[in-house]
1. Could you please let me know if Val70 is assigned to a helix (DSSP H, G or I) and open to solvent by less than 40 Å² (accessible area, probe 1.4 Å)?
2. What are the residues in the stretch 4-22 that are among the aliphatic types (A, V, I, L, M) and within 12 Å of ligand 2 (Cβ to nearest atom), if any?
3. Among the residues of the stretch 34-47 satisfying the criterion of being among the hydrophobic types (A, V, I, L, M, F, W, C) and in contact with a strand residue (DSSP E or B) (Cβ under 8 Å, 6 or more places away or on another chain), which is nearest to ligand 1 (Cβ to nearest atom)?
4. Taking Ser118 as meeting all but one of (1) in contact (Cβ under 8 Å) with a residue 40 or more places away in the chain; (2) open to solvent by 10 Å² or more (accessible area, probe 1.4 Å), write down the number of the exception.
5. Cβ-Cβ distance below 7 Å, separation of 6 or more or different chains: which pairs start in the stretch 10-37 with a residue that is farther than 24 Å from Arg104 by Cα and end on one that is open to solvent by 60 Å² or more (accessible area, probe 1.4 Å) and within 11 Å of ligand 1 (Cβ to nearest atom)?
Amino acid sequence: MTETMYCYRHPKRETRVSCATCGRPICTECMVATDVGIKCPDDARLPRGARAGVMKSGQVLRSVLTGLGVAVAGIPIAYVLLLLPLTWLISAAAGYGAGTLINRAGGRNGGPVAIVISVVATAVPFLVLLAPDLLSSILQPRPLIAMVFAVIAAGVANRQI
Ligand SMILES: [Zn+2]
Ligand SMILES: [Zn+2]
């Protein structure tokens, strides 16, 4: 018989997972996969000495550099995306991927700084492609919609857990 546990951060949410360090039950949304097993967000962050949503300057720098890479690499990717069907869906996936990359570069802290970097980095490739033709893209909003989806997904990837 398995004992029913409830996430210590979401008392109404049932879970079977508990933190490898402190043993508190955590739901799938709260759990953080680390090299040494599943941990609660508190313990997953402790070794890095970082508080939730607060990045050290080195992590901010890495996030910005990754964001620059995403912005540059994203130009050809966005170009291809805009030619594909279901552009908005693929753009959202690409944006989420970009946001995740930046999130990892920042030590997975997420938070406002990471969101801003991700959103800008994701929007740049689309803006570069759309800028020469911005007027017609307002009449033909498909690329703009794709950009909005990509940008939102990039931001979501960096939400604070
Ligand atoms: Zn813990
Ligand atoms: Zn939870």
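The values are calculated or read from the model by the stated rules, or taken from the named source; none is laboratory data. Worth saying up front: this structure is predicted, and the values here are computed from it rather than measured. With ideal geometry, Cβ positions are generated from the backbone for all residues, glycine too; neighbour counts draw on all protein chains shown. Just the protein is used for accessible areas: all its heavy atoms, side chains included, with ligands, DNA and RNA removed. Shrake-Rupley method; radii C 1.70, N 1.55, O 1.52, S 1.80 Å.
1. Details: assigned to a helix (DSSP H, G or I): yes; open to solvent by less than 40 Å² (accessible area, probe 1.4 Å): yes.
Judged against the criteria, Val70 is a match.
2. Met5, Val17 - these are the residues of the stretch 4-22 that are among the aliphatic types (A, V, I, L, M) and within 12 Å of ligand 2 (Cβ to nearest atom).
3. Per the criteria, the residue is Cys40.
4. (2)
5. Arg24/Tyr8; Pro25/Tyr8
To keep it simple, each residue is scored yes or no on (1) at pLDDT 90 or above; (2) more than 22 Å from Gly69 (Cβ to Cβ); (3) crowded, with 19+ Cβ neighbours inside 10 Å.
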{"residue": "Phe126", "(1), (2), (3)": "yes, no, yes"}
{"residue": "Ser136", "(1), (2), (3)": "no, yes, no"}
{"residue": "Pro141", "(1), (2), (3)": "no, yes, no"}
{"residue": "Leu144", "(1), (2), (3)": "no, yes, no"}
{"residue": "Val151", "(1), (2), (3)": "yes, no, yes"}
{"residue": "Arg159", "(1), (2), (3)": "no, no, no"}
